[in-house]
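Below is one structure, written out as structure tokens; the observations come after it.
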Amino acid sequence: MAEKIKGKGVISGIAVGTILLAGQNLDSFIVNYKPGKKADEKKKAADALVKVAENLQKSIEDFQEKGLKEQAGILEAHRLLVVDPGVSEKIEEEFEKVDSAPVAVLNVYEASAQMFEAMEDEYFRGRAVDMRDVGKRIAKYLLGIKEPEIAGKVIVAGKEIEPSVIAGLPTDKIAGVILGAGSTTAHAVIIAKTRAIPTVVGVGDGIDQMANGDPAILDGGTGEILIRPSAEERKSYDEKIKKQEELKAYYATLKTLPAKTLDGAEVDLVANIGSPADVDAANGFGAQGVGLFRSEFVFMGKSDVPKEEDQFKEYKAAVEKCNGNLCVIRTMDIGGDKPLPYIQVGEEENPFLGYRAIRISLKREDLFMPQLKAILRAGKFGKAAIMFPMVINVQEFLAAKEMVEKAKRELASEGKDYSDDVQVGIMVETPAAAVMTPILAKYVDFFSIGTNDLVQYTLAVDRGNAQISYLYNHFNPAVLRLIKRTIESANKEGKWAGMCGEMASDPNAAILLLAMGIKELSMSAPSIPRVKEKIRKITSLQAKEILDKVMEMEDGDEIKEYLSKLEI
Ligand code: PEP
Ligand code: MG
């Protein structure tokens, strides 16, 4: 009988493979390491930074040659964390406290990791893993530790999973991911999501029951994991695996088909991304562009504001990969709850209601202007749009729009090429914005409804609080009314409305949104086929009838239940 472990299934699918434990413990190596003279150790550490950066560069080129752009992108982010001049300075300083090169390196990256960990935002907390990953990579080089050989398909498991473990493995080698921590926005989970790798999180100490090389089965839907399954137990999954393969093959047939209802009403299905590399994965699922590039990812893991030129390269790459489809770049959504070392926010009682997102951008021209210029320049290489987060009133939009015009003037006077044809819109993610959409629609080019925050602010329910998650429902009638109002306001003014919150990936929600007149749904790319399938099975009239019925209902749970029982 297998060892049974239960976690939370976050990316569905059955995975069969052998366990590969991530997160090697270096303690015994450190104890046995004999440091030389301090000056020698300092030199060793400095040389290791150079050598590891070179090795990373080689791996990056290798991945690029094989077309594995996503892996290349992650390793490039890690390479930047190695060559960052601030790091070598801090390592040099650390030698005032310690004598050994690997310890100095580990301490410096650990300190940065702890800084990220102290952040309230789950995503940024997840970046601590990247820091530790890079520190370990350099320490392993100094300690002479080699990586294990891998045969066959693996299920990567760890209390925390270093992104380089996943990035360093060929895509077809990873069957599944098991994470001890409960985070759904850990980098490892984000990569797994863009690649549709079955994933279970939150197994806690369950990881201790696994050993390298153990055969295992994982169900990313139910969260069940079987370690060392018997032949019989293995067989019981055959039917599910067969169905999964059939579904995958069926979804592949949908890739190039439009998201059109039976009577021809069409919606654009596009992707949410965090880096240009994600566009490649998204294209594989038939995405028709990008509806949300979370640009704060470009600002993270750096010791200073990324320069216009560096940002330009990232945005240009994303825009180009969209092949003429629209790439909506959201200006940085950073603030009290997701601080960066180079942005002083100060202590806040309610960071989610604090100095953040567009509020910072409007005050800090030194941050906002290079970003706007970089996006406008990237627009020359395809079709780009600028989107402002957390807007609550017309004045904010107008002020931000004025900054866009100023950025254009500055670019013109600097003789830099830019696109004059970049749409400018807003996220509708505060109730104030949603209520004001009839007015806002006169000014913006588009709305994108951010339901992750809109639900949170409308219902006064923290989006990350498990204790009250039963209240967090995008079908709540109050939320649905704000969404309907937003879409209708846009259409009335001849503008377009899309959605980039998680609700957009719910096929049942798609029926309602379609009937409300939405033009674009943006989601993590592997959800695209499911949503497309639903849209292709209904008529506009059916959708309209369902919406009418739903708008008469008084309770979110009732609506959810009703939609889940529809036979479409
Ligand atoms: C949202 O709020 O719905 C959204 C897409 O933005 P984020 O999840 O980055 O806050
Ligand atoms: Mg948001």
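Brief remarks follow.
- Hey, V455 under 23 Å from R294 (Cα atoms), part of a helix (DSSP H, G or I) and aliphatic (A, V, I, L, M) or not: yes
- Pairing residues of the stretch 387-416 that are farther than 14 Å from M369 by Cα with residues that are surrounded by fewer than 18 Cβ atoms within 10 Å (Cβ to Cβ) and β-branched (V, I, T), at Cβ distances under 7 Å and at least 6 apart in sequence or on separate chains, gives V394/I439.
- Flag set for D462, criterion: touching a residue at least 60 places away in the same chain (Cβ under 8 Å), in contact with a helix residue (DSSP H, G or I) (Cβ under 8 Å, 6 or more places away or on another chain) and among the acidic types (D, E).
- Scanning the stretch 230-246 for residues that are within 27 Å of the chain's Cα centre (by Cα) and either open to solvent by 80 Å² or more (accessible area, probe 1.4 Å) or of a type in the set (G, A, S) (or both) turns up just one, E245.
- Which listed residue, of L218, L179, L169, is within 30 Å of V279 (Cβ to Cβ) and modelled with pLDDT under 90: L169
- Every residue from the stretch 1-47 that is in contact (Cβ under 8 Å) with a residue 24 or more places away in the chain and basic (K, R): K4, K6, K8, K38, K42, K44
- Any hit, the stretch 464-471, residues being open to solvent by less than 70 Å² (accessible area, probe 1.4 Å), farther than 29 Å from V319 by Cβ and more than 16 Å from ligand 1 (Cβ to nearest atom): yes
- Some residue of the stretch 497-514 being open to solvent by 10 Å² or more (accessible area, probe 1.4 Å), under 15 Å from V391 (Cβ atoms) and not aliphatic (A, V, I, L, M): no
- Here S524 does not qualify as free of Cβ contacts under 8 Å to residues at least 40 places away in the same chain and within 16 Å of ligand 2 (Cβ to nearest atom).
- Considering residues of the stretch 431-444 that are in a loop (DSSP other than H, G, I, E, B) and open to solvent by 50 Å² or more (accessible area, probe 1.4 Å) only, the residue farthest from ligand 2 (Cβ to nearest atom): K442
- Every test in (1) at pLDDT 85 or above; (2) more than 22 Å from A277 (Cα to Cα) is passed by S28 save one, and that test is (1).
- Per the listing F388, F447, the residue uniquely within 16 Å of ligand 2 (Cβ to nearest atom), of a type in the set (F, W, Y) and in contact with a Gly (Cβ under 7 Å, 6 or more places away or on another chain) is F447.
- Total residues in the stretch 417-430 satisfying the condition of being within 16 Å of ligand 2 (Cβ to nearest atom) and not polar (S, T, N, Q): the figure is 5.
- Subset of the stretch 453-462 that is surrounded by fewer than 19 Cβ atoms within 10 Å (Cβ to Cβ) and farther than 21 Å from V550 by Cβ - its residue that is nearest to ligand 2 (Cβ to nearest atom): D462
- Top-ranked residue of the stretch 485-496 - restricted to ones that are more than 16 Å from ligand 1 (Cβ to nearest atom) and in contact with a Gly (Cβ under 9 Å, 6 or more places away or on another chain), ranked as least open to solvent (accessible area, probe 1.4 Å): A490
- Of all residues in the stretch 440-455, those satisfying the criterion of being away from ligand 1 (no atom under 16 Å from the Cβ) and either free of Cβ contacts under 8 Å to residues at least 40 places away in the same chain or not charged (D, E, K, R) (or both) are L440, A441, Y443, V444.
- Among (1) open to solvent by less than 40 Å² (accessible area, probe 1.4 Å); (2) more than 22 Å from P526 (Cα to Cα); (3) in contact with a Phe, Trp or Tyr (Cβ under 7 Å, 6 or more places away or on another chain), the one test that R330 misses: (2)
- Test: residue in the stretch 163-174 that is among the acidic types (D, E), under 25 Å from I528 (Cα atoms) and in a helix (DSSP H, G or I): yes
- Qualifying positions in the stretch 207-229 - more than 25 Å from the chain's Cα centre (by Cα) and either free of Cβ contacts under 8 Å to residues at least 60 places away in the same chain or open to solvent by 40 Å² or more (accessible area, probe 1.4 Å) (or both): D208, Q209, A211, N212, G213, P215, R228
- Options R125, R137; residue that is at pLDDT below 80 and among the charged types (D, E, K, R): R125
- Residue within the stretch 475-482 that is within 15 Å of ligand 2 (Cβ to nearest atom) and open to solvent by less than 50 Å² (accessible area, probe 1.4 Å) present: yes
- Counted as qualifying within the stretch 345-430 are the helices (runs of 4 or more DSSP H) with 2 or more residues that are within 16 Å of ligand 1 (Cβ to nearest atom) and surrounded by 15 or more Cβ atoms within 10 Å (Cβ to Cβ), namely 358-363.
- Hey, L292 open to solvent by less than 30 Å² (accessible area, probe 1.4 Å), aliphatic (A, V, I, L, M) and modelled with pLDDT of 95 or more or not: yes
The values are calculated or read from the model by the stated rules, or taken from the named source; none is laboratory data. All of these numbers come straight from a predicted model, not from anything done at the bench. Reconstructed Cβ throughout: ideal geometry from the backbone, glycine too, with neighbour counts over all protein chains shown. Heavy atoms of the whole protein, side chains included, go into the accessibility calculation; ligands, DNA and RNA do not. Shrake-Rupley method; radii C 1.70, N 1.55, O 1.52, S 1.80 Å.
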